[in-house]
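What follows is a set of notes on a single structure, which appears directly below.
The values are calculated or read from the model by the stated rules, or taken from the named source; none is laboratory data. Small disclaimer: the values here were computed from a predicted structure and weren't measured. Neighbour counts are summed over all protein chains in view; Cβ atoms, including those assigned to glycine, are modelled from backbone coordinates with ideal geometry.
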Amino acid sequence: MQVENLTVAQLEAWRDHIEAELFRREIEQRHSSGREVVGPVLHTPVGTMREEFVDCGKDRCKKCANGPSHGPYWYLYYRKDKKLVSKYVGKFESRDEAVDKAESIRS
């Protein structure tokens, strides 16, 4: 495929795809230890959300003896001034509740 032969719409689609993949990899790299993702990643207008089990970091924690086991908690990821920002959203039974809370965090 020759980049020079692509239309503007095709280039923009590729750019969006590449930016999304870079964002996903940055999140994975940032939280590669001490967290375990549960279920699919949720893309919302306010950012990327995912449920994570977390490691509390306490040496004597019986729950964390075999890996991260607190949660799952919802986290919101977005860019601010080109930096990746993560915000704790909370523990919710439904995705809709988590998204509503995330929207209130960003507003």
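General observations
- Residue match in region 51-65 (condition: under 11 Å from the mean Cα position of the chain (by Cα) and of a type in the set (Val, Ile, Thr)): no
- Residue in region 48-70 that is without any contact (Cβ under 8 Å) to a residue 40 or more places away in the chain, under 22 Å from HIS17 (Cα atoms) and not aliphatic (A, V, I, L, M) present: yes
- Cβ pairs under 6 Å, 6+ apart, first in region 76-89 and within 12 Å of GLU51 (Cα to Cα), second basic (Lys, Arg): LEU76/LYS87; VAL89/LYS101
- Being at pLDDT 95 or above and either in a strand (DSSP E or B) or under 18 Å from ARG25 (Cα atoms) (or both) holds for only one residue in VAL85, VAL89, and it is VAL89.
- Qualifying residue in region 55-78 (condition: assigned to a helix (DSSP H, G or I), surrounded by 12 or more Cβ atoms within 10 Å (Cβ to Cβ) and not small (Gly, Ala, Ser)): no
- Checked against the criterion of being of a type in the set (Lys, Arg), over 12 Å from GLU36 (Cα atoms) and in contact with a Pro (Cβ under 9 Å, 6 or more places away or on another chain), the candidates LYS101, LYS91 yield just one match: LYS91.
- Residue match in region 94-104 (condition: more than 10 Å from the chain's Cα centre (by Cα) and part of a loop (DSSP other than H, G, I, E, B)): yes
- Any hit, region 25-45, residues being among the acidic types (Asp, Glu), in a strand (DSSP E or B) and touching a residue at least 24 places away in the same chain (Cβ under 8 Å): yes
- Evaluation of GLU52 against (1) at pLDDT below 90; (2) surrounded by 12 or more Cβ atoms within 10 Å (Cβ to Cβ) (one fails), failing number: (1)
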